[in-house]
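Chemist: The structure under discussion is supplied below as structure tokens; questions concerning it will follow.
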Amino acid sequence: MRYDSSGNEALATDDLFSTNWVIDVKTTLQPTDWDTIRFPSWDFSGALSESSQYAPPDHPYTYVQASVFIDGVEFPRVGIRKKVHWFAKSHSPIS
């Protein structure tokens, strides 16, 4: 096992994402944060507006706080966001 600079037990990426077994990942977040991820408020047309000539557009996705469990090891305060590029409001790849 590895240890961090404070002497606490620490996991390395290889410890979490071994190729020798299937990992179990569970994510827990507040219902309102889930809706923030599922239904982003960013409007693609805003990226094409006149103001975008002078400054970059706002980032299309918002980070929310969650707890992630990887094979039973809890990471209690992680930031997650939607990563796919899907702007259609009629269908979301996350449901």
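The values are calculated or read from the model by the stated rules, or taken from the named source; none is laboratory data. Note that this is a predicted model, so its numbers are computed, not measured. Glycine gets a Cβ as well: all are built from the backbone with ideal geometry, and neighbour counts include every protein chain shown.
Chemist: Got a number for residues in the range 32-47 being at pLDDT 75 or above and more than 14 Å from residue 67 (Cβ to Cβ)?
Modeler: Applying the first criterion (at pLDDT 75 or above) to the range 32-47 yields 32-39.
From what's left, more than 14 Å from residue 67 (Cβ to Cβ): 32, 35-39.
Residues in the range 32-47 being at pLDDT 75 or above and more than 14 Å from residue 67 (Cβ to Cβ): 6 in total.
Chemist: Quick one: would you say residue 89 is assigned to a loop (DSSP other than H, G, I, E, B) and either modelled with pLDDT of 65 or more or surrounded by 13 or more Cβ atoms within 10 Å (Cβ to Cβ) (or both)?
Modeler: So residue 89 fails the test.
Chemist: Just checking, which of 73, 84, 68 is at pLDDT 70 or above, aliphatic (A, V, I, L, M) and in contact with a Pro (Cβ under 9 Å, 6 or more places away or on another chain)? Reasoning before the result, please.
Modeler: Values: 73 fails: in contact with a Pro (Cβ under 9 Å, 6 or more places away or on another chain); 84 fails: at pLDDT 70 or above.
Just a single option satisfies the conditions, and that option is 68.
Chemist: Still on this structure, please answer the following. If you check every pair at least six apart or on different chains, which have Cβ atoms under 6 Å apart with a residue in the range 68-81 that is surrounded by 14 or more Cβ atoms within 10 Å (Cβ to Cβ) first and a residue that is assigned to a strand (DSSP E or B) and of a type in the set (Ser, Thr, Tyr) second?
Modeler: From the range 68-81, the pairs are 68/27.
Chemist: Check the range 2-10 and report whether any residue there is at pLDDT below 65 and aromatic (Phe, Trp, Tyr). Let's see the steps before the verdict.
Modeler: Initial filter on the range 2-10 (at pLDDT below 65): 2-4.
Going one step further and asking which of them are aromatic (Phe, Trp, Tyr), we end up with 3.
There is at least one residue in the range 2-10 that is at pLDDT below 65 and aromatic (Phe, Trp, Tyr).
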